[in-house]
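Heads up, the thing below is written out as structure tokens.
No value in this document is a laboratory result; all are computed from the given coordinates. Owing to the predicted nature of the structure, the values given are computational and were not obtained by experimental measurement. Note that we place each Cβ from the backbone using ideal geometry, even for glycine, and neighbour counts take in every protein chain shown.
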């Protein structure tokens, strides 16, 4: 990877939007049904390594740390980067717990995680998958001391016009059926909620709206991954984000072999290696 001040133009965890018969994204093959969450798959992650560098990892809506971020956490910690990955409010059990989560509670979870990462290392990076990437941008907007930001299929907007109905529908319907995690690996058997809370979708829209309006406050080095076959988040989000942040160093990496949940899909090793290289290069430039 080569960091530069110019923006590179190359380049489910959850299904946020309401079901629709027409999609602008590629049609994925049918996958095995998801498994329910248990304590192991929903567990937070904490790995203290041997350097002064730490990375906060944030999972997506309806996801969980041990499911979405285990490989990345193990990869980084094995290379002397401490990692912490909290379980976001309302996650890891059933969709019913998500009804009581708010955008503010997720922001607070991210802030608590940031404090924990600071206690593990002097230099802190933040990386997030999907909604975790949106929260990564939120932290970057309000904490310029963060050394660098990494987003993986992170949205600041969604295309589905039915999203406009969510603020009203959430008062009449509690949940929306969702498919298994969006991965290209057809052998994957992954824990999932099976349903999404309409209240949680509404809260996520609030989070995206706030982050989208403050993107100009992001000045840290930014590495953004996007899957071109993402059935959840429009890949154009990556370009939108890079066009609206004020980071001098920013780059987009396109993932050709993974769907939305790329950290647990075919490109997981490439993502982990690129993140490690990004962290190393940013630190060298800051010396």
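Secondary structure note: in region 39-286, about 20% of the DSSP beta bridges are antiparallel. Residues 178, 93, 162, arranged from fewest to most other Cβ atoms within 10 angstrom of their Cβ, appear as 162, 93, 178. With a ≥ b ≥ c taken as the square roots of the eigenvalues of the C-alpha gyration tensor of region 187-287, please select rounded if a/c is under 1.5 and otherwise prolate if a/b is larger than b/c or oblate if it is not? Because a/c hits 1.5 or more and a/b fails to exceed b/c, region 187-287 counts as oblate.
For region 39-286, the relative contact order comes to 20 percent (Cα pairs under 8 Å, sequence separation of at least 6). Panel order for 130, 103, 227, 80, by other beta carbons found within 10 Å of each beta carbon, from fewest to most: 80, 103, 227, 130.
Normalised radius of gyration (Cα atoms, divided by 2.2 N^0.38 Å) for region 39-286: 0.93.
Put in order of Cβ neighbour count within 10 Å, fewest first, the listed residues 46, 248, 226 become 248, 46, 226.
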